[in-house]
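J.: Before we start, here is the structure in question, set down as structure tokens.
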């Protein structure tokens, strides 16, 4: 077994239904080291958070840049890292296969594949072909059904898609945007792979998600937006009130980062 395959196996083993892996999404090396130092057992990149560091919108980062970023974060920490590769940055199965092969050569433990092209959902059969093209790299493949993020909240179709993706070779299944516990319970019951959920407004707490068999919980771009939100609040305070209450939060950040860097 190679080091990469052992890393992928260790990552997949962390997916235990009823004992969900809490997996945050760093957006640069510093945030990756910080989150790993706090005790998280695995990390995933965030396409939106990474794009933000470049002053771009989600979906505006190309394949080479996204893969280089993911490889950089993976090399910076000792825990498994999964890459958010959007739609594998390709529409056709051959392009998906190329991206998946490049991910497998990047020191990653896994990667995700969306069924959203950037403008529309792929039809189910095409989406399943794309999952099949991404499978077999030795990395943990997370297949995403994007209905709920793009104005098509059809639970029956979501479950059907996830079942098709499992059959095509996905290791983990993910329907971001689900928030009702009864919907999540039904998804878990009707698929035979570990299920990831995205932290989302109205989402039940970790204990309730564990009770219905969720195996992984991720935050997407939320932590990166928390960071930007804190900076925006501090800036408005300085510009508006002319005060420095933000220094208390800065103190917390300085202490946390000092601990993380000392372990790097």
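J.: Taking the Cβ of each residue in 200, 116 as the centre, tally the other Cβ atoms inside 10 Å and list the residues starting with the fewest.
T.: Lowest count first: 200, 116.
J.: Here is a further query. What ranking of 174, 165 emerges when the number of other C-beta atoms within 10 Å of each C-beta is taken as an exposure proxy, fewest first?
T.: In order of increasing Cβ crowding within 10 Å: 174, 165.
J.: Inverting the mean 1/r over all pairs of different Cα atoms, compute the Kirkwood radius of region 3-221 and quote it in Å.
T.: Evaluated over region 3-221, this radius sits at 16.9 Å.
J.: How far, in nm, would the chain grow between residue 263 and residue 119 when pulled straight, counting 0.36 nm per residue and subtracting the alpha carbon separation?
T.: 47.6 nm
J.: Let me ask something else about it. Pop the C-beta distance of residue 92 and residue 232 into the FRET formula with R0 = 45 Å and round what comes out to the nearest 0.05.
T.: Computed FRET efficiency for residue 92 and residue 232: 0.65.
J.: Treating the angle as unsigned and between 0 and 90°, give the value, to the nearest 10°, between the Cα long axis of helix 3-13 and the longest Cα principal axis of the chain.
T.: 90
J.: Moving on to the next point. Semi-axes of region 59-99's equivalent ellipsoid from the Cα gyration tensor, sqrt of 5 times each eigenvalue, largest first, rounded to whole Å?
T.: 21, 11, 8
J.: Return 98, 46, 137 ranked ascending by Cβ neighbour count within 10 Å, so the fewest neighbours appear first.
T.: Least crowded to most crowded, the residues run 98, 137, 46.
J.: Nearest 500 deg cm²/dmol is fine: what mean residue ellipticity at 222 nm does the chain get from its DSSP H runs of n ≥ 4 alone, each adding -39,500 (n - 2.57), divided by its residue count?
T.: Taking each H run of at least 4 residues, the total per residue is -15500 deg cm²/dmol.
J.: Output needed: percent of Cα pairs per 10 Å distance bin for region 74-167, bins running from 0 to the one holding the longest distance.
T.: Pair shares across the bins are 18, 49, 27, 7, 0.
J.: Over the chain, what is the mean sequence separation of C-alpha contacts under 8 Å (at least six apart), divided by residue count, expressed as relative contact order in percent?
T.: Contact order relative to length: 22 percent.
J.: Of the DSSP beta bridges with both residues in the chain, give the percent that are antiparallel, rounding to the nearest 5.
T.: Counting DSSP beta bridges with both partners in the chain, the antiparallel share is about 5 percent.
J.: Moving on to the next point. Which log10 I(q)/I(0) values does region 32-122 give at q = 0.18, 0.23, 0.26 Å⁻¹ under the Debye formula, counting every alpha carbon as one identical point scatterer?
T.: Debye output, listed in q order: -0.77, -1.16, -1.36.
J.: Here's something else I'd like to know. What residues from region 48-82 fall in the zone where the backbone N is under 19 Å from a label point 7 Å along the Cα-to-C-beta line of residue 252?
T.: none
J.: Follow-up question, since we're still on this one. Could you please state, rounded to a whole Å, how far the C-alpha centre of region 76-103 is from the C-alpha centre of region 6-49?
T.: So the separation of the two Cα centres works out to 16 Å.
J.: Helix 155-168 versus the longest principal axis of the chain: what angle, 0 to 90°, nearest 10, using Cα atoms?
T.: On a 0 to 90 degree scale, this one is about 70.
J.: Which angle between 0 and 90 degrees, to the nearest 10, do you get for helix 63-76 versus the longest principal axis of the chain when only C-alpha atoms count?
T.: Once rounded, the angle reads 60 degrees.
J.: Another question about this same structure. Suppose R0 equals 41 Å; then what is the FRET efficiency for residue 150 and residue 64 from their Cβ-Cβ distance, rounded to the nearest 0.05?
T.: Here the calculated transfer efficiency is 0.95.
J.: Before anything else, pin down the relative contact order of region 28-179: Cα pairs under 8 Å, at least 6 apart, normalised by residue count, whole percent.
T.: 18
Each reported figure results from applying straightforward, stated rules to the coordinates on display, with no laboratory input. In this text the structure is predicted, and so the values were computed from the model without any measurement. With ideal geometry, Cβ positions are generated from the backbone for all residues, glycine too; neighbour counts draw on all protein chains shown.
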